[in-house]
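Accompanying notes for the structure given below.
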Amino acid sequence: MAARRWDWVQLLTAVFLHLTLPCMCQGRAEQSYSEALFMKFLADGRVSATFDFSTVWSVHPLLFSNPGNVQHYGIFPKSLAEVVAHYHVQELHLTLTQGQWRTRVWGYPAHPAPPGAELWAWFLPEADSEKEWPGLVDAMSGLLGAHLNAIDSASSFQPLVSFRPNGAILSKDMSNSSALLRYAALPRETVCTENFTPWTKLLPCGTAAGLGELFEAESLYDCDYHSLGLHFTPHCLDDGCGQVGVRLSLTLTVVFPPPVTSNPSILEWSLKSLFHRPLTSACPLAFSSTVTVETNSIDGVQVSLSQTPSLTGTVEVAGRRRDRAVFDLHSLTNSTTSKPLPPLSVSSSSWAYHIMPEQPELLVSRHLVGSGHDWGGLATEITNSAPHTVEVLYLEMVPWFFRLYLHTLSVSQATVLSQHYVPAKDRRRAHMLELRLSLPPLSTSYLSLQFRRAHLKWTEHKPDAHHGFYINSAVITTVLSECPNCTSLAAQDQDLAVLRLYSEPLLVSLPTPDFSMPYNVICFVCTVIAIAFGSVFNLTTRTLQPAAAAKEKLLTRILRRIGVLSKQKSD
Amino acid sequence: MKLASLLESKRSKKLAGFLIKRRKPLGILLYLCGLVYLGMLPRDEFNRRSFVDENALMVGLVRREFRDSQSISDYAEELADFGVDQEGLMVWLEASFSRIGLEVYSQNYSAVLPAVAGPQAASVSGRSVYGVLRAGRASSAESLVFSAPSGEAANTHGLAVMLSLAKYFKSKNYWAKDIIFLVTTGGEIGVQAWINSYMGNAVKGINAGPLPGRSGAIQAVINLEIDSPKIEYARIMIEGVNGILPNLDLVHVLTHLSEMEGIPSALHMGWEGVRSHGRYSKPDLSDSAHKLYTVASLMAHQAPGLPLAGHAPFLRHRIDSVTVRGVGSGPTAKPLLNLASSAFCLPPGPWRVVFEASTISWRDSTIQSSSTMPRLAGDSSPSGCSCLPSASYWLHSCWRYPLLLLWWGTLENLLPPLYCTFLGWHFT
C-alpha cells in the first residue's frame, strides 16, 4: 500500500535522531512539525522540487471549532486556526497555481492543482454551509492575499462524488450527501509573491531557518510550474483512528527548467543553482527536516550525487522501484556553529531530449471545438494506457452563460455508469456534470458536449472584455491500484491511491457589445431631443389662424393723419 | 409648413419630371463620378494616416533583441540540402524541433481536389509538422501560431528564420501564451486541414488527421514566406478567404516595425514591379499610381475570395493572421535579421505611412472584424468618433461617397454585374 511504504524509513530516521540529538521540546498540546523537500528529475530533464511542511496537532476538530477549548496555539498558525474555527470548517484545501501540470511528460503530480486558484472545503456536520461559505471565501482571500472574492454562488459547486474528504471523516452522514461540501475554482487568478509572502508567514520557522531559507521569490517564480497549497484536514493519530487530531500541510511544488550545462549531455543542479540561497540549518521546531533526492536512472541515464546522503533506500512505489537518497538536515547541521551545509549537487550524464517520454497510464486533455460566436463545443479525451479497465469520475463545471445542451453529450469508447447533472440558472448557478465512466483498457475515450453562448448584459463583462471567459478545468478522480508514475514524499501518509488529474482550463470568447454604444445613444438622443423636439412639437401642436386686424393705437393714427407715417397701413 | 409647400410647388414638379426623364444619362454620369471619386481616394487629402487603435501597443518603445543572424544562415544551409524531399525535410524538422526543446507533433492529411485539369493528381496528401513552445507558468489557454509553408515553392529561408526564432524564444521566460511553430505542406490545403482539425470543423473533401497535441485558443498567426537570404521589401498579405481581413492593428504594427528596421513594406507590388515581371526595382512608394494600384489590387483580390497564402484559412475562424513575404533580392536587399526581428517585436514603433490609401479605404470594412476580435485593437470605436468635426473630418469619411454614387448610378439597372465584380465589398 502506498501509505505504508515510508514506515521503515521514518522509523530509522526517528531512531537515528533520537540517539544523536538532544531532545527537541515539543510544542504544547502535542504538536509535531516536520518539513521535507523532495527533488527529482522529470522525464524531459526538468527538475521538480516539492516542499511539504506539515503540522500535526492532537486537538479534536470538533473541540477545535469551539473557541474556548483551545488556549495555546503553539506552532500552529493562529490566523488560520481562527478562520477554521469561526466558519466551522472540517477540511480546507486551497491551491494557488501558476501553470499547467504536464502529466504526459512529468507523470502524476504529488499535489494536483488546476491553474489559478482552487478552494474547496468540507464543513462540520452541524454547520450551515450556505451561510459559512461566503465568509470562508472572504477570510481565505484575506489570509493569502488572493482575489478569491470573485467566488460567488454562480461559481461554487457541490460535486456529489468527486471531492470526498481527504482526511478522517467525523460523521457517517457525510458519505451520502455533499451538502457540506463547497468547491470553487478561478482559472483566471494570477499568483505572485503577494500570495507567497503570507503563505510563508504560516510556517513555524518562516524563512528564517530550515527549508524556508531556500525561498527566494525571483528563483521560485522563474520556473515552469509553481503551486502553493494549503491543506487542513482531520487526521487519524493512531491506526484504528480512535484518536483524531488535525493536520495542516503547506505544500509548494516548483518545476525548474532543465539545468543544462556547457556540456549538452550533462544536466547538473544544486540547491544553490536552483534556489540561489544557501541552506544553513534545520528548523529547530521540526522533529524531521529532510531533503530527499530521487536517484532513479531515467532511461538508463545515471544520476549521481556529490555528497553522501544520510540514508539511501529503495522504496516500492506501486510496482516500480525508486531509489531515494535522504539528507537529514538535523544531522548535517550543527546548532552551535553556523557553518553552511556543504553544497549538494546532482548531475545526470548522457542525457538527451526525448521526443516522447513514457506516458503515465491515465491522461486527460480538453479543448474547444468550433469557432464563431454562437455555437461551440467541449471535447475531452481520456486515455487509458493500462491493460485493465479503470473506473473514473469525471467532473465538468461550466459557467451559466455557456448554455450546455445535455442531449448533445456523446461518449465514445467509455461506458457511462452513472450521471449526475445540475443544470444552470442564469446568474445564480453554473452547470455541473459528473459522470462515472468505465474506461476500457488501452483506449482513448472521447466526450463531447455542445453549448451555445449567451449574451451578457453590458455591465456583466469583466475588464478587458475581449479576453474571454474561462471554463474550469475538468477533474478526473480515480483510485489506482498501481501507480508507477506517482511522486511521493517522505512525510506524506495520506492515501496516495486517490489520483486526481486536472485538464486545461478553456478560454472562450463571448460576443461583446460595442461598449461605446451607450455613449453614442445618449449623444444621439439628446441631440435629437434638443434640436428636433422643439420644432416638431410646434409643427404638430400649433394651429394657425388668420390674424384679426388689430386696432391701431391712437398715437399712430394721429401721426398717420398728419403725414409723418405713410398713408398705408402696415401689415 | 415650408416643406409641404416645397413639395407641391410647380418648380419641384418640374425638377422631378426632369430627373425622371433624364434618369439614364444621370445614372451613367453619377457612376462615372463615383469611379473618378474612387480613383481620387488614394490622394492624401482624402484619407488619414494609419494608426494603431489599441493604445496598449506602444510601437515606439520596442527594442530589438534578436541578433543571431548566424543561426539563420546555418539553418538555411542545412535546409537547402533537402530540395524536393518533403518527407526527409519533415523528419529533419521534427528532430530540430525536439533539439530546441519543443513538443513535436505531426498530422497527416489527404484531400480530393474536385476538378483538376491536366496531369496533376486528383488527390493530395501530406504531413504537417508542428512544435509547441509551452510558456512557463502559463495554463495553455491561449496560443500564437508562427507558420512557414514548405512545398513546391522553396521556403528555405522562411523555415530558417522560424527555426532560429524558435531557438531564441525557448531561451526567454516571459511568454504568456504558447507558441506553435507550424510547417505545412500542400499549400493552403495543408493549412486548412490543420486548422480544421484544431477547431473541430470538418470540410468536405479534406480528410484531416487528428492532432496529437494542442494548445489553447489561437490568438494570431504570422506566416513567413521568404526564399532569398536578403530581401528588398516585405509584402504583407492580408486578404483571407472570402475577403476577410485581419485586425488592422496587426498589419499596422508589422509595417511600422519593418519600416523601423529599414525594410519597406507594401500590401501589393508597385506598378513597376508588375510591369517588369520578376525584376522588382524598389517602387517609388509615395507615387499616387502605386497607391491607386494598391487600392485596385486589394479590391481585385478580395472580391473573388480565394486564399492567396497560408494565412488565409485562419481568418475564417476569426483568427487574425497575415503572411509576410520577402520580395526581391537585388543589391539593395537587407538581411533577413531585420525582418525577423521586426516580425516579432510586438510593441509598435514610429511608422511611416506607406500604403495609407489602401488601408484607409478599407478601414471601415474591417471595423466589424476589429471589434469582434480585437485582441490587438481593444475597444475600437467606429471611425470618425475621434475626429474633430472639421472639414477634414468629412473628407476622411468620404470613402462612402464614391460608393454611394456608384450605387445610385446602378439603381437604374446600369451595369449591375460590373458593380458586383469591381467592388470587393465584404459583409462580415
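Please go through segment B:98-124 and pick out each residue that is at pLDDT 90 or above and more than 14 Å from chain A (Cβ to nearest Cβ). Matches in segment B:98-124: B:Q107, B:N108, B:Y109, B:S110.
For the condition closer than 30 Å to A:V508 by Cα and more than 12 Å from chain A (Cβ to nearest Cβ), B:A148 qualifies.
Just one of (1) surrounded by fewer than 21 Cβ atoms within 10 Å (Cβ to Cβ); (2) under 22 Å from A:P284 (Cα atoms); (3) over 18 Å from the mean Cα position of the chain (by Cα) fails for A:L211. It is (1). The single condition from (1) more than 30 Å from B:N155 (Cβ to Cβ); (2) at pLDDT 80 or above; (3) not β-branched (V, I, T); (4) not in a helix (DSSP H, G or I) that B:R63 fails is (1).
Kindly indicate which of A:L447, A:L406 is surrounded by 14 or more Cβ atoms within 10 Å (Cβ to Cβ) and either away from chain B (no Cβ under 13 Å) or of a type outside the set (V, I, T) (or both).
Details: A:L406 fails: surrounded by 14 or more Cβ atoms within 10 Å (Cβ to Cβ).
Criteria check complete, one pass: A:L447.
Restricting segment A:83-103 to residues that are away from chain B (no Cβ under 14 Å) and part of a loop (DSSP other than H, G, I, E, B), the residue that is surrounded by the fewest Cβ atoms within 10 Å (Cβ to Cβ) is A:H88.
When each of B:D85, B:D81 is tested for being among the charged types (D, E, K, R) and under 14 Å from B:H157 (Cα atoms), the lone residue that passes is B:D81. Checked against the criteria, A:W106 counts as farther than 20 Å from A:N195 by Cβ, within 14 Å of another protein chain (Cβ to nearest Cβ) and surrounded by 20 or more Cβ atoms within 10 Å (Cβ to Cβ).
Within segment A:214-264, how many residues turn out to be crowded, with 23+ Cβ neighbours inside 10 Å and either outside the structural domain of A:E91 (by TED's automatic domain parsing) or part of a loop (DSSP other than H, G, I, E, B) (or both)? Looking only at that region, the number is 1.
Assess whether B:N196 counts as being within 14 Å of chain A (Cβ to nearest Cβ), at pLDDT below 90 and over 30 Å from B:I263 (Cα atoms). In short, no.
Select from segment B:197-235 the residues that are outside any loop (DSSP other than H, G, I, E, B) and without any contact (Cβ under 8 Å) to a residue 24 or more places away in the chain and list them in ascending order.
Kept after step one, since they are outside any loop (DSSP other than H, G, I, E, B), are these residues of segment B:197-235: B:197-199, B:206-208, B:217-225, B:230-231, B:233-235.
Across segment B:197-235, the qualifying residue is only B:Y198.
The values are calculated or read from the model by the stated rules, or taken from the named source; none is laboratory data. Computed from a predicted structure; not experimentally measured. Heads up, the Cβs are rebuilt from the backbone with ideal geometry, glycines too, and the neighbour counts pull from every protein chain shown.
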